[in-house]
1. Any residue at all in the range 62-73 that's buried (at least 16 other Cβ atoms within 10 Å of the Cβ) and part of a strand (DSSP E or B)?
2. Which members of the range 82-102 meet the condition of being in contact (Cβ under 8 Å) with a residue 60 or more places away in the chain and either over 22 Å from the mean Cα position of the chain (by Cα) or buried (at least 21 other Cβ atoms within 10 Å of the Cβ) (or both)?
3. Failed condition for residue 142, given (1) closer than 18 Å to residue 220 by Cα; (2) within 16 Å of the chain's Cα centre (by Cα), with all others met?
4. How many residues are on the phi < 0 side of the Ramachandran plot, crowded, with 16+ Cβ neighbours inside 10 Å and part of a loop (DSSP other than H, G, I, E, B) when one looks only at the range 103-124?
5. Which one is farthest from the chain's Cα centre (by Cα) among residues in the range 190-210 that are crowded, with 17+ Cβ neighbours inside 10 Å and either part of a loop (DSSP other than H, G, I, E, B) or outside the structural domain of residue 133 (by TED's automatic domain parsing) (or both)?
6. Just a yes or no: is a residue in the range 171-189 in the same structural domain as residue 34 (by TED's automatic domain parsing), closer than 12 Å to residue 145 by Cα, in contact with a strand residue (DSSP E or B) (Cβ under 7 Å, 6 or more places away or on another chain) and crowded, with 18+ Cβ neighbours inside 10 Å?
């Protein structure tokens, strides 16, 4: 299990199209499509990477464990405080991190009506270096639903599908987990649901100013939010490549709602045609050879030229 985890952490440090045969193919496809642009950030270790090392090597530094909230843990350098995931602060991670460089963010209690959030000054451009954090809270027994609308612009490296500035949404049961990141140019079409009664939205601008984003969120009943309003999936499309697991295929479905958006995405994709491509070295083209130098005792095979 640790080997698989370590391998995943190594892969995720590289951009999602690294080592690809073609620029338009992903080396690693995420199971949830909206996580695709999360791959490849290498500015710093993730919160969970650091937490894991502290748990392994520093768990006995502090005399007692604090009742940390929101995925935080007792800070081995300051045993009277918790070390908090991005977006939270306070002794026990009980507070939402205030805006940086601008007054924004905070804790928002939602109702069935839509509540708007946006980057600073939208539709005017935000400034480089500004940061906002919102904790969206639904009433007990309900979930948070969020969708983007209007113009969207957050700086990215389009060729590599890599976010430089981004909106990150953490909607899982553990806010220590890195969330889905949205960037580039064009409004995200996903409607996002929280797994619990709250959702964390992070706006982070490190490199450039830009148009930014706006989104709306509301509280929805758990069961009402899960009503199936989608058509059946279509047949898979033809694979974009014939061999080598270099291609992808897609399928789609249609939302049957007359107003509003269905929950989830309308497109799925997967890697296809994983049989080896022709032109690779086959056994008929192999000849026996030996390595020179210190490895002369080891026999080997090489391709004929």
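1. yes
2. Once the filter is applied, which keeps residues that are in contact (Cβ under 8 Å) with a residue 60 or more places away in the chain and either over 22 Å from the mean Cα position of the chain (by Cα) or buried (at least 21 other Cβ atoms within 10 Å of the Cβ) (or both), the range 82-102 yields 85, 87, 88.
3. Residue 142 satisfies all of (1) closer than 18 Å to residue 220 by Cα; (2) within 16 Å of the chain's Cα centre (by Cα) except (2).
4. 5
5. This residue is 209.
6. Yes, because at least one residue in the range 171-189 is in the same structural domain as residue 34 (by TED's automatic domain parsing), closer than 12 Å to residue 145 by Cα, in contact with a strand residue (DSSP E or B) (Cβ under 7 Å, 6 or more places away or on another chain) and crowded, with 18+ Cβ neighbours inside 10 Å.
The values are calculated or read from the model by the stated rules, or taken from the named source; none is laboratory data. Owing to the predicted nature of the structure, the values given are computational and were not obtained by experimental measurement. Glycine gets a Cβ as well: all are built from the backbone with ideal geometry, and neighbour counts include every protein chain shown.
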